[in-house]
1. Would you tally the net charge around L50, using a Cβ to Cβ cut-off of less than 10 Å, leaving L50 out, and scoring K and R as +1, D and E as -1?
2. Suppose the chain between R141 and K41 were pulled fully straight at 0.36 nm per residue; how much longer would it get relative to their current alpha carbon spacing?
3. From the phi of every residue in the range 29-38, what ³J(HN,Hα) in whole Hz does the Karplus formula 6.51 cos²θ - 1.76 cosθ + 1.60 yield, where θ is phi - 60° and glycine or proline is x?
4. Using a/c under 1.5 as the rounded threshold, could you call the range 1-127 rounded, prolate or oblate? The axes a ≥ b ≥ c are square roots of the C-alpha gyration tensor eigenvalues, and prolate needs a/b larger than b/c, oblate otherwise.
5. Measure off, as a whole percent, the carbon and sulfur share of the 1.4 Å-probe accessible area of the chain, all protein chains present.
6. Place a +1 charge on the Cβ of each Lys and Arg in the chain and a -1 charge on the Cβ of each Asp and Glu, then give the dipole magnitude about the Cα centre in debye, rounded to the nearest 20.
7. Take the alpha carbon gyration tensor of the range 11-76, find the square roots of its eigenvalues, order them as a ≥ b ≥ c, and report rounded if a/c is under 1.5; if not, report prolate when a/b exceeds b/c, else oblate.
8. Using 7 Å Cα-to-Cβ label points, what is the I114/V29 separation (nm, one decimal)?
Amino acid sequence: MRALKEAEAAAGRGEVPVGAVLVNAAGEVIASAGNRTLELKDPTAHAEVLVIRAAAARLGSERLIDCDLYVSLEPCAMCAAALSFARVRRVYFGAGDPKMGAVEHGPRFFSQPICHHRPEVYGGIGEGESARLLRAFFALRRPLRPDEP
């Protein structure tokens, strides 16, 4: 999965390993990116937001209708809102995120009445690989607590 390759590249830069790819209805890649919050000193530089920005610029439209997003981690609230505003057709994500996720966890943004566009959502795509990459990344940055597996 190309999103996982973007996540691996992000980890190589010291970023939280999240990668995203946006494709059009024909399956052609419109944009891809990994997290760059540290590099750009920008808290909004999540992979999903970077992909939306690049795709909108490339297509010359703020609406990404008939585009699908593949992302290695469940989108957070900010990214879910951006995906709704961009009118992305489908969201496929790898690992769920019980702490910061906002699609199947937390606020479940797409289920809220304030959400005007609800993409189709498919979770668990490449979940094992995505979760392993995240665990390995964070294991290097913090010691394991006694209660963690």
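1. On the way: positive: R36, R53; negative: E6, D42, E48.
After counting each charged neighbour, the total is -1.
2. Values: separation 100, 0.36 × 100 = 36.00 nm, distance 1.93 nm.
Gain on extension, R141 to K41, equals 34.1 nm.
3. Result, rounded to whole Hz: 6, 8, 7, 8, 6, x, 3, 9, 5, 6.
4. Values: a/c = 1.38, a/b = 1.10, b/c = 1.25.
It is rounded, given that a/c, with a ≥ b ≥ c, falls under 1.5.
5. Values: 4480 of 7910 Å².
Ligands and nucleic acids excluded, carbon and sulfur give 57 percent.
6. Details: 19 positive and 18 negative charges, 48 e Å.
Here the size comes out at about 240 debye.
7. Numbers: a/c = 2.32, a/b = 1.69, b/c = 1.37.
It comes out prolate by the Cα gyration axes.
8. 3.5 nm
The values are calculated or read from the model by the stated rules, or taken from the named source; none is laboratory data. The shown structure was predicted, so the numbers you read here are calculated from the model rather than taken from an experiment. Using ideal geometry, Cβ is built from the backbone for each residue, glycine included, and neighbour counts are taken over all protein chains shown. Note: areas computed on protein heavy atoms with side chains; ligands, DNA, RNA excluded. Shrake-Rupley method; radii C 1.70, N 1.55, O 1.52, S 1.80 Å.
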